[in-house]
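Student: I have a structure I would like to understand better, so I am pasting it below and will then ask my questions one at a time.
The values are calculated or read from the model by the stated rules, or taken from the named source; none is laboratory data. For clarity, every value in this text was computed on a predicted model and none was experimentally measured. Note: ideal-geometry Cβ built from the backbone for every residue, glycine included; neighbour counts use all protein chains shown. Each accessible area value is taken on the protein alone, full model and side chains, heavy atoms only, with ligands, DNA and RNA left out. Shrake-Rupley method; radii C 1.70, N 1.55, O 1.52, S 1.80 Å.
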Amino acid sequence: MKDVLLAETPWVNVADRETEQRKRLADFFDENGINNRLETAVTKLNKLQNRDGSFSWYEGMEGSTYITVAVAEMLARLQLMTGEQESTKKLQSKAIGYLGNEMVELVKRIKKSEKKSGQPYFPSFTALRWLYICALDGRELPSDVKKANEYLMKLLKKDI
């Protein structure tokens, strides 16, 4: 009876949960487990990346700029934390190529809209995230993408 009562006390339950959490944390940082999770994630991402470099919500769907920005940002952060991974290098390169082209087209639309309306434009959240990815990634971009980025930065400086 004493053991049953002791097992039902809150502090014993808390101690059991802490022990379980420590065990899970140790398993999470196991190198083999990390490599397996990374390999599984890269395999899934490969299935979601389209030929143009964009990522889709589900396999076989049209690419989404929103999802591509999210994945590219995650890959850039992963690269900063762990160094460049051979398994993610191709994914990131294709995604950056796609997003660079999207930003060039966005800047063209912005300039056209500004001419038409005469109103200044503030870059979208997607454009801001793109600039953040470029800052994290640090790779050399094509000249048209550089010009688009410079234009977006100029817009940001106008209205901080």
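Student: When you scan the range 62-87, how many residues do you find that are in contact (Cβ under 8 Å) with a residue 24 or more places away in the chain and part of a loop (DSSP other than H, G, I, E, B)?
Tutor: Of the residues in the range 62-87, 2 are in contact (Cβ under 8 Å) with a residue 24 or more places away in the chain and part of a loop (DSSP other than H, G, I, E, B).
Yes or no, residue by residue, for (1) hydrophobic (A, V, I, L, M, F, W, C); (2) in a helix (DSSP H, G or I):
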{"residue": "19", "(1), (2)": "no, yes"}
{"residue": "34", "(1), (2)": "yes, yes"}
{"residue": "43", "(1), (2)": "no, yes"}
{"residue": "52", "(1), (2)": "no, no"}
{"residue": "89", "(1), (2)": "no, yes"}
{"residue": "105", "(1), (2)": "no, yes"}
{"residue": "111", "(1), (2)": "no, yes"}
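Student: Tally the residues that are under 22 Å from residue 149 (Cβ atoms), at pLDDT 85 or above and touching a helix residue (DSSP H, G or I) at 6+ places or on another chain (Cβ under 7 Å), restricting the search to the range 80-121.
Tutor: Total meeting the criteria: 13.
Student: While we're on this one: Can you find a residue that is over 30 Å from residue 29 (Cα atoms), touching a Phe, Trp or Tyr at 6+ places or on another chain (Cβ under 9 Å), surrounded by 12 or more Cβ atoms within 10 Å (Cβ to Cβ) and of a type in the set (S, T, N, Q) anywhere in the range 125-145?
Tutor: Scanning the range 125-145, I find at least one residue that is over 30 Å from residue 29 (Cα atoms), touching a Phe, Trp or Tyr at 6+ places or on another chain (Cβ under 9 Å), surrounded by 12 or more Cβ atoms within 10 Å (Cβ to Cβ) and of a type in the set (S, T, N, Q), so the answer is yes.
Student: Within the range 106-123, which residues are open to solvent by 40 Å² or more (accessible area, probe 1.4 Å) and either of a type in the set (Gly, Ala, Ser) or under 15 Å from residue 68 (Cβ atoms) (or both)?
Tutor: The answer is 113, 117, 118.
Student: If you don't mind, another one. Any chance the range 19-40 includes a residue that's touching a strand residue (DSSP E or B) at 6+ places or on another chain (Cβ under 6 Å) and either open to solvent by less than 70 Å² (accessible area, probe 1.4 Å) or modelled with pLDDT of 90 or more (or both)?
Tutor: Scanning the range 19-40, I find no residue that is touching a strand residue (DSSP E or B) at 6+ places or on another chain (Cβ under 6 Å) and either open to solvent by less than 70 Å² (accessible area, probe 1.4 Å) or modelled with pLDDT of 90 or more (or both), so the answer is no.
Student: Look at residue 76 and say whether it is of a type in the set (A, V, I, L, M), open to solvent by less than 80 Å² (accessible area, probe 1.4 Å) and at pLDDT 95 or above.
Tutor: For residue 76, the condition - of a type in the set (A, V, I, L, M), open to solvent by less than 80 Å² (accessible area, probe 1.4 Å) and at pLDDT 95 or above - is not met.
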